[in-house]
Amino acid sequence: MMQAMSDASPHPSSTGRRERVLSGAQPTADSYHLGNYFGAFRQWVALQDDFEAFYFIPDLHAITVEYDPAQLRERTYIAAAQLLAAGVDPARSALFVQSHVPEHAQLAWVLGGITGFGEASRMTQFKDKSAKGGQDASSVGLFTYPILMAADILVYQADKVPVGEDQRQHVELTRNLAQRFNHRFGETFTVPQAHIVKATAKIYDLQDPTAKMSGSNPSHAGVVDLDDTAKQAAKKIRSAMTDSGTEIRFDRESKPGISNLLSIYAALTDRTIESLETEYADKQYGHLKVDLGELVGDFVQSFGDRTRALLDDRAELDRVLAAGAERAREVAAETLAAVYDRSGFVAPR
Ligand code: ATP
Ligand code: LTN
C-alpha cells in the first residue's frame, strides 16, 4: 500500500542489478595495520571482481573522538593511498571519502528516528571505547556512530559488508534498522549481510595475543603498521609474546601467541595452518618468528613503496576520490530520494 503510493524508484533487488559490496576503515591513525589488511582489505580486493564495489574512508566517523583537523586531512590521504596500495582498483570500485557524499549524514538522521536508545546503548564498541576515556569524555557522536555506519551501508543498498569480527554487531544493527524501516514505510532497503572470513576475522596484538590488534592502542609494539619499515616489522614479529611450551601447534585457547603467528603466516602465504604445523613440527618458536618476521618485513616494505609513490601524486589521489564520490552520489541520491519520499517529506518543487 505504502509502496503503491510512492513515486520513488523500486526496491533495487528487483531491478536485476549486480550485487553490491561496501566497506570503510577509519583514518584514525597514521597508518592502517596488518589486522585491517587481513581482516578487511584483502576481502575488499577479492570481492571487487564479482560485485559492484563501494569502499570509503569514514572521516565523519573519525571526528567522534578527539582529533586534530590537519592530521585528519593528512590521514585521509594516507588512507586512500594505502587502500590503493592494498589493491583497491578505482577502475572497478568507487573509492571515496565519506564527507564527499552528504547523503550518508542525511540518511543517518532519518535512521536515528527509528533507533531505540536502549538498542544503541547495547553496542559493545561504544561501551569499550567510552569505558576507556570515561563517560564524560565520550561524545554523542561516538554514541550515534553505529547509526551513521548503518546509513553508510544502506544508502548503497549494499548486499555484502566485508569487515572484521569486531564490526559484526554494527552490521546486525544495520540489518535490524533496514528491516524496521522496510516494515514501517514500505520496502526500501536491501538487508545487508556481514562478510567475515573466519581465519582472519581477528588478528591479535603481538604483545597481548588475547586482545585485538588495534590502531588506537597507545603502544604499537604489538601492532604491525603497514608503514613500518621491514626492520621494524620483523622486530615486532620476533619480539611477539609466545606461550609456554615449545610445540608449534594451532590452539587458540592454550597457545594464543603461536596461533596468532600461524594465522598471520597462513594468511600472508596462502598456506594452510596444517602445512605450517607440519613444516615447523621439529623446529622452535624462534625459527617460526625469524621466518615470519622476514616475510612480514618484505610485505610491509613493498606495501610502503607503493603507498609512498601514490602519496607523491596528490592531484591523482584527488582525481580518484572525486570520481569515486561522483559514482557514489548517483547511487546514494537515489536511495535518499526514496527514503525522503517514504518518510513523508514534501518534495521541493
Ligand atoms: P580501533 O582503533 O578502533 O581499534 P581498528 O584498528 O580496529 O581501530 P577500524 O577502522 O576499526 O580499525 O577497522 C577497519 C577494518 O579492519 C574493520 O573492518 C575492522 O573489523 C577490521 N579490523 C580492525 N582490526 C582488526 C583485527 N585486529 N583483525 C581483523 N580485522 C580487523
Ligand atoms: N566502523 C567501521 C568503519 C566503518 C564501516 C562503515 C565499515 C564505518 N562505516 C560501513 C563497514 C561499513 C570500523 O571499522 N571501525
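Any read-out appearing in this document is the output of simple, stated calculations on the displayed coordinates, not a laboratory observation. Just so it is clear, the model here is predicted, and its values are computed rather than measured. Don't worry about glycine lacking a Cβ; one is built from the backbone with ideal geometry, like all the others, and counts go over all protein chains shown.
State the volume of the convex hull built on the alpha-carbon positions of segment 39-109, expressed per residue in Å³ and rounded to an integer. Present the calculation step by step, with values, prior to reporting the outcome.
On the way: hull volume 7.8 nm³, N = 71.
That works out to 110 Å³ per residue.
Dipole size in debye (nearest 20) for segment 44-99 around its Cα centre, Lys and Arg Cβ +1, Asp and Glu Cβ -1? Each step should come with its number before you reach the end.
Values: 3 positive and 8 negative charges, 22 e Å.
So the dipole magnitude of segment 44-99 works out to roughly 100 debye.
Can you tell me the dipole magnitude for the chain around its Cα centre, using point charges on the Cβ only (Lys, Arg +1; Asp, Glu -1), in Debye to the nearest 20?
Using Cβ point charges on Lys, Arg, Asp and Glu, the chain gives about 580 debye.
Determine the distance separating the Cα centre of segment 51-127 from the Cα centre of segment 209-252; give it in Å without decimals.
About 27 Å separates the Cα centre of segment 51-127 from the one of segment 209-252.
In whole Hz and in residue order, list the ³J(HN,Hα) couplings for segment 17-33 that follow from phi through the Karplus curve 6.51 cos²θ - 1.76 cosθ + 1.60, θ = phi - 60°; x for Gly and Pro.
In residue order, the calculated couplings are 6, 5, 5, 10, 10, 9, 7, x, 9, 5, x, 9, 9, 6, 7, 6, 10 Hz.
What stretch of the chain, leaving out the sites themselves, is the longest with no GluC sites (Glu not before Pro) in a DSSP loop having at most 10 other Cβ atoms within 10 Å?
Numbers: sites that count: E66, E253.
No qualifying site falls inside 67-252, the longest such stretch.
Please list the non-local residues whose amide H lies under 5 Å from the amide H of K255, H modeled 1.01 Å from N, same-chain partners needing a gap of 5 or more.
So K255 has HN proximity to no qualifying residue.
Just the ratio, please: alpha-carbon radius of gyration of segment 103-189 over 2.2 N^0.38 Å, N its number of residues.
1.09
For segment 37-76, which chymotrypsin sites (Phe, Trp or Tyr not before Pro) are both in a DSSP coil and crowded by at most 14 other Cβ atoms within 10 Å?
Y67
How big is segment 148-222 in terms of Cα radius of gyration and Dmax, in angstroms?
Rg, Dmax (Cα atoms, Å): 15.7, 51.
Looking at A108, A151, G133, which one has the Cα that reaches farthest to the positive end of the dipole of segment 96-153 (charges on Cβ: Lys, Arg +1; Asp, Glu -1)?
The residue sitting most towards the positive pole is G133.
Using unit Cβ charges (K, R positive; D, E negative) and no other charged atoms, how large, in debye to the nearest 20, is the dipole of segment 131-192 about its Cα centre?
It comes to approximately 140 debye.
Among A62, Y204, Y37, which residue has its Cα positioned farthest towards the positive end of the charge dipole of the chain, with +1 placed on the Cβ of Lys and Arg, -1 on the Cβ of Asp and Glu, and the dipole taken about the Cα centre?
A62
Please list the three semi-axes, largest first and in whole Å, of the ellipsoid equivalent to segment 211-292, using sqrt of 5 times the eigenvalues of its alpha carbon gyration tensor.
Values: eigenvalues 91, 39, 29 Å².
Largest first, segment 211-292 gives 21, 14, 12 Å.
In whole Hz and in residue order, list the ³J(HN,Hα) couplings for segment 268-284 that follow from phi through the Karplus curve 6.51 cos²θ - 1.76 cosθ + 1.60, θ = phi - 60°; x for Gly and Pro.
6, 9, 6, 9, 8, 4, 4, 5, 5, 4, 5, 4, 9, 4, 9, 10, 9
Placing one identical point scatterer on every Cα of segment 72-136 and ignoring solvent, what is log10 I(q)/I(0) from the Debye formula at q = 0.15, 0.20, 0.24 Å⁻¹?
-0.82, -0.99, -0.99
What would the Debye equation give as log₁₀ I(q)/I(0) for the chain at q = 0.06, 0.11, 0.12, 0.15 Å⁻¹, counting only Cα atoms as equal point scatterers?
Debye output, listed in q order: -0.24, -0.76, -0.89, -1.29.
Among the listed pairs K129/K202; K231/K255; K198/K283; K129/K255; K202/K283, give every one whose C-alpha distance is greater than 22 Å. Walk me through the numbers before you get to the answer.
Details: K129/K202 18 Å; K231/K255 26 Å; K198/K283 27 Å; K129/K255 27 Å; K202/K283 26 Å.
The pairs that break the limit, which is 22 Å between Cα atoms, are K231/K255; K198/K283; K129/K255; K202/K283.
According to the square roots a ≥ b ≥ c of the eigenvalues of the Cα gyration tensor, what is the shape class of segment 251-298, taking rounded for a/c under 1.5, prolate for a/b larger than b/c otherwise, and oblate for the remainder?
Working: a/c = 1.34, a/b = 1.25, b/c = 1.07.
Because its axes are fairly even, with a/c under 1.5, segment 251-298 counts as rounded.
Rounded to the nearest 500 deg cm²/dmol, what is the calculated helix-only ellipticity per residue at 222 nm for the chain, with -39500 (n - 2.57) per DSSP H run of length n ≥ 4?
For the chain, the value works out to -16000 deg cm²/dmol.
Loop only by DSSP, 13 or fewer other Cβ within 10 Å of the Cβ. Give me the chymotrypsin sites (Phe, Trp or Tyr not before Pro) in segment 250-349 that pass, ordered by residue number.
Answer by residue number: F345.
If amide hydrogens are placed 1.01 Å from N in the peptide plane, which non-local residues have theirs closer than 5 Å to the one on Y204?
For Y204, the qualifying residues are M213.
Dividing the alpha-carbon Rg of segment 164-320 by 2.2 N^0.38 Å yields what?
In units of the globular-protein estimate, segment 164-320 measures up at 1.31.
So which trypsin sites (Lys or Arg not before Pro) in segment 67-115 pass both tests, a DSSP loop state and at most 16 other Cβ atoms within 10 Å of the Cβ?
Numbers: sites: R73, R75, R92; in loops: R92.
Taking segment 67-115 and a limit of 16 other Cβ atoms within 10 Å, the loop trypsin sites (Lys or Arg not before Pro) found are R92.
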